[in-house]
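The values are calculated or read from the model by the stated rules, or taken from the named source; none is laboratory data. Keep in mind the model is a prediction, meaning the values are calculated, not measured. Cβ: placed from backbone, ideal geometry, glycine included. Neighbour counts: every protein chain shown. SASA here: full protein model, heavy atoms, side chains in, ligands and nucleic acids out. Shrake-Rupley method; radii C 1.70, N 1.55, O 1.52, S 1.80 Å.
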Amino acid sequence: MTTGTLLAVDLVLAVLTAAAWLGGGAAAAVRRRPLALALAAFALLATLSRAITIVALARAGWWFAAEKVLVAAPLSLAAVAVAGPRLLPVPGDVRSVAVPLLFVGYATSSALLVTVLHGYPASVGAGLLAVAGAVAATAVSWRALGARPSRAISRVALVVAVGALVTGTGLTVVPAAPVVPHDHGYRAARTTDEPTRRFTLTAGTATVSVSGRDVAAWAFDAQVPGPELTATVGDVVEVTLRNRDIGRGVTLHWHGYDVPNSQDGVPGVTQAAVLPGQEFVYRFRADQVGTYWYHTHSVSDVGVRMGLYGVLVVRPGPVAGLDVTIPVHTLAGRPLPDARVERVAAGTPVRLRLVNTDSTTHRYAVAGSAFRVAAIDGVDLRGPTSVVDTAVLIPAGGRYDLVFDAPATPVALFVDGRAVYSTGPVSTPPGDWPVLDPLSYGVASAVPWSRFDRTFTLVLDRGLDLHDRLPRYAHTVNGATDPDIPPQVVRLGDVVRFTIVNRSATVHPWHLHGHHVLVLARDRRPAAGSPLWLDSFDVRPGEVWEVAFRADNPGVWANHCHNLAHADAGMTTHLMYS
Ligand code: C2O
Ligand code: CU
């Protein structure tokens, strides 16, 4: 069983447990004796069986089990111990066991809330709040059922509740993060003797046609995707961004391109958003070859979804054969691009540059030819072998370059089962093909570092965020949300290791700006294939990724989930050079 499944099973068990205790209490209150006893018996069994899932989760990693071991287990067991003597032997009037049963129900429910609303790291405050909630609810039920809680019990309840409120409401307060300074004052080289590729992109509202239907979009140069920017390695790229009428502002972020910090395009961190009527000039040397993309980073979830993105391709030199870029996107609920057919002479070398510009994973499959994965996230793989009838999963923001020599028969690329590109009449669509695991593809080489100057752990989860005017169920990192997540502070030259843990039930495509990270391990299994230098990788529910990089690009860099709705809902942190 994967840790993700285990997390789900444990959650279901926890819900059933709480529901059974509460149901048993309710049934006892209305004197439904057999039902009450059956539910109580089931609840006891479910409570004990959680020992198995909690222990298994703790073995998968303390992050998955901390609050279950420290809060849920002791609280439920204590409640059972307190209530137990009042349950046996079952009295003639079953109504008299209603309050004890409800008490265990409240205890297990509040422990469940700690998992769902607070998560990792477990805190004393959260535990106390859970105790207070259970005691208070029990006292209310006691009164409602006509009995009077004794003075002593009421006093204890009051003391626990007040104590819990005092310590517990601090439960989401983390020490304020140092203010992220603006613009590190990097000045891009301004010599004029380098070949310069100049572009101008004008952002504006537009109507574009998607599979034959007009939809409202935000677009660069009135097209979605925006113009494809290409350069040859060594060129200086200079892009003038103009904003015609995007009221919420626009920037250009060069996704996967490790530009100087001042050119990174993150509003509020490296520049101010470009407002209607304004412009901003980006300038950087194109010294990374490969497939990248650009997108706005101002209200990025809405902005990118509405169409403010395009492709950036840097080639080593003149192209031999066919070299096509296929950015996949969902605009107004419809898939882009439209299907395209291009005849290719047999024997022509083909490179398909696949880009996922959506916020969720896509599944890509090439039918009709074996292929190699030449590069991922712009970086060439070592010793890629030929595979056939195999799918690849590209995370949000990620890129794969697939290469093959065109056979005499047609080849087709499918995205989530839809033919997007082909070299002739579409061959049979791909079946339930196995998925390529990049961690065991290609030829390994030794990890360049054996010790790390800094290590950071990011635990991804959901949690209640009380910092805004309205409470929200946010996406959290180590129990906090942007801007309260402490930054990861490094020094220039440090070798830095990140452990990224997904405790939640959804995929989080992780993306660090300004650096490619080398994958060391996933779920404690060391990466065994070609060195993988990624800028975007899916951390699936229950997964633990270990990645590392050398801190060689000073500045303040966003480090966030590339499901941009999650990023906007709190899951954004920063890497900062001291
Ligand atoms: Cu492509 Cu900060 O993102
Ligand atoms: Cu996410």
Give the stretch 362-376 a look and list any residue that's crowded, with 18+ Cβ neighbours inside 10 Å and in a loop (DSSP other than H, G, I, E, B), or say none.
GLY368, SER369
Being at pLDDT below 85 and either buried (at least 18 other Cβ atoms within 10 Å of the Cβ) or in a strand (DSSP E or B) (or both) narrows it down to one of ALA157, ALA147, ALA132, ALA137, so name that one.
ALA157
Could you identify the single residue in HIS467, HIS475, HIS513 that is open to solvent by 10 Å² or more (accessible area, probe 1.4 Å), within 23 Å of THR572 (Cβ to Cβ) and within 16 Å of ligand 1 (Cβ to nearest atom)?
HIS475
Residues in the stretch 560-578: is at least one touching a residue at least 40 places away in the same chain (Cβ under 8 Å), over 23 Å from LEU117 (Cβ atoms) and more than 16 Å from ligand 1 (Cβ to nearest atom)?
yes
Within the stretch 303-323, which residues are open to solvent by 10 Å² or more (accessible area, probe 1.4 Å) and assigned to a strand (DSSP E or B)?
ARG315, LEU322, ASP323
If the requirement is being open to solvent by 20 Å² or more (accessible area, probe 1.4 Å), touching a strand residue (DSSP E or B) at 6+ places or on another chain (Cβ under 6 Å) and within 13 Å of ligand 2 (Cβ to nearest atom), which of these qualifies: VAL507, VAL539?
VAL507
Using the structure shown, decide if ASP552 is of a type in the set (D, E, K, R) and under 26 Å from LEU11 (Cβ atoms).
no
Within the stretch 377-398, residues being out of contact with any His (no Cβ under 9 Å at 6 or more places or on another chain) and open to solvent by 10 Å² or more (accessible area, probe 1.4 Å) number 11
Restricting attention to the stretch 48-94, and to residues there that are crowded, with 17+ Cβ neighbours inside 10 Å and of a type outside the set (A, V, I, L, M), which single residue is nearest to ARG143 (Cα to Cα)?
SER76
Does the stretch 484-510 hold any residues that are out of contact with any Asp or Glu (no Cβ under 6 Å at 6 or more places or on another chain), away from ligand 1 (no atom under 16 Å from the Cβ), part of a loop (DSSP other than H, G, I, E, B) and not aliphatic (A, V, I, L, M), and which are they?
ASP484, PRO486, ARG491, GLY493, THR506
Considering ALA480, ALA528, ALA521, which residue is among the hydrophobic types (A, V, I, L, M, F, W, C), modelled with pLDDT under 95 and farther than 16 Å from ASN261 by Cβ?
ALA480
